[in-house]
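Notes for the one structure printed next.
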Amino acid sequence: MPSAIALDAMGSDRAPKPEIEGALQAARQFGIRVLLVGPEPQIKAELDRHRSSSRHLLEIVHASEIIGMSEKAAHAVRSKRDSSMHVGLRLVREGQAAGFVSAGNTGAAMATAKMILGALPGVDRPALAAVFPTALGTAAILLDVGANVDCKPQNLEQFAVMGETYCRKIFGTKRPRVGLLSIGEEETKGNELTREAFPLLKQLPLNFVGNVEGRDIYGGRVDVIVADGFVGNVALKTSEGVAQLVSSTLKESLRATITRQVGYMLSRSAFTDFKKRLDHTEYGGAPLLGVKGVCIITHGSSNANAIKNALRVAAEFAEREINEKIEKELAALRTPVTVNT
């Protein structure tokens with residue numbers, strides 16, 4: 001694992017409790033050293049409540065300001081230069097941390113990362129990549145899920161390359177199937193953006209399977225789904241709502257219909273497995289692909305398990321040098337082919 005991961009200790013809705021509990025779990029289970037960034041008195045007071053043997057792997061880095069969830073991202077990024085986001089991302093830029101994790105204001109985290117870390121060569125706009133479970137027990141990656149509301153066809157082309165590289169290197173998929181999210185499988189279906197992006201993705205040296213529809217996200221027939229941030233974010237939020245509905249409805253149905261104790265225990269075990277497969281906290285947040293550094297953004301409602309897994313993903317991302325590989329793949333696309341005559 002890399003030397004350290006910087007964690008925005010004041011990001012989540014219930015900060016710093018989930019952050020510190022998650023950091024201790026990541027230190028204990030994965031041996032990750034965590035830099036807890038935020039107001040030292042508040043972090044120390046919460047940390048002192050824990051008597052973990054892994055506490056020596058946690059270090060506090062003071063930051064005097066916090067960016068709230070309701071603050072305007074552009075204003076907060078400019079005015080709060082000593083925020084936990086600023087300080088944490090500066091640690092990455094200066095090489096003191098291998099990555100940064102935040103459950104705070106998503107817009108502010110993305111804007112701060114773009115400003116402090118900058119974009120990789122060949123990347124016009126970084127993209128947020130979310131992981132979805134599939135019916136086959138595999139993982140599917142959807143990007144962009146909110147970093148860019150308005151996109152050009154060239155942006156989707158870059159998203160495809162970044163998502164495919166991330167899928168190969170993190171999930172071990174040898175030749176990921178890449179699809180373009182649209183309203184029909186035919187090449188002519190979709191809006192102006194998807195119709196113009198289709199030929200660009202088709203000519204990439206990737207396993208492009210064409211247009212896919214929303215239902216294909218969970219079907220397992222595609223590994224990487226490309227969309228603009230507006231459509232991707234709607235798909236993400238809708239999926240989260242459906243997952244919560246299914247879990248709560250199934251739980252109530254089991255309680256209402258199962259009377260035999262043995263049957264209840266078996267069904268409860270099956271429900272627990274089912275719920276875990278849909279649990280977004282198991283996937284560790286969304287990486288901001290395309291910036292010069294590792295930045296993982298997770299839910300404001302994140303619990304300790306989500307923070308632990310976000311730290312794990314950040315460590316794996318840095319250890320496997322995903323950014324270097326993305327940069328190499330994008331550079332290859334810009335290299336003109338020499339034809340011998």
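The values are calculated or read from the model by the stated rules, or taken from the named source; none is laboratory data. Here the structure is a predicted model, which is why all the values come from computation and not from measurement. Methodologically, a virtual Cβ is constructed for each residue, glycine included, from the backbone with ideal geometry; neighbour enumeration extends over all protein chains shown.
Name the one entry in I32, I60 that is within 16 Å of S3 (Cα to Cα), part of a loop (DSSP other than H, G, I, E, B) and out of contact with any Ser or Thr (no Cβ under 8 Å at 6 or more places or on another chain). Only one candidate qualifies: I32. Could you look through region 128-158, keep only residues that are small (G, A, S) and in contact with a strand residue (DSSP E or B) (Cβ under 7 Å, 6 or more places away or on another chain), and pick out the one that is surrounded by the most Cβ atoms within 10 Å (Cβ to Cβ)? So the residue we want is A147. Cβ separations smaller than 6 Å between residues 6+ apart or across chains give the following pairs from region 223-242 residues that are touching a residue at least 24 places away in the same chain (Cβ under 8 Å) to residues that are of a type in the set (S, T, N, Q): D223/T173; G229/N148. Considering only residues in region 195-218 that are out of contact with any Gly (no Cβ under 9 Å at 6 or more places or on another chain), assigned to a helix (DSSP H, G or I) and without any contact (Cβ under 8 Å) to a residue 24 or more places away in the chain, the one that is surrounded by the most Cβ atoms within 10 Å (Cβ to Cβ) turns out to be R195. Out of A76, A45, A23, one residue alone is of a type outside the set (S, T, Y), within 16 Å of A314 (Cβ to Cβ) and not in a loop (DSSP other than H, G, I, E, B). It is A23.
Only helices (runs of 4 or more DSSP H) whose full extent lies in region 252-341 are considered here, and the ones with at least 2 residues that are out of contact with any His (no Cβ under 8 Å at 6 or more places or on another chain) and either of a type in the set (F, W, Y) or at pLDDT below 55 (or both) are 261-278. Restricting attention to region 97-109, does a residue exist that is touching a Lys or Arg at 6+ places or on another chain (Cβ under 9 Å), outside any loop (DSSP other than H, G, I, E, B) and free of Cβ contacts under 8 Å to residues at least 40 places away in the same chain? Within region 97-109, one or more residues are touching a Lys or Arg at 6+ places or on another chain (Cβ under 9 Å), outside any loop (DSSP other than H, G, I, E, B) and free of Cβ contacts under 8 Å to residues at least 40 places away in the same chain.
For every residue, the table says whether it meets (1) touching a helix residue (DSSP H, G or I) at 6+ places or on another chain (Cβ under 7 Å); (2) among the hydroxyl-bearing types (S, T, Y); (3) assigned by TED's automatic domain parsing to the domain that holds A310.
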{"position": "T165", "(1), (2), (3)": "yes, yes, no"}
{"position": "E196", "(1), (2), (3)": "yes, no, no"}
{"position": "G220", "(1), (2), (3)": "no, no, no"}
{"position": "I225", "(1), (2), (3)": "yes, no, no"}
{"position": "G232", "(1), (2), (3)": "no, no, no"}
{"position": "A235", "(1), (2), (3)": "yes, no, no"}
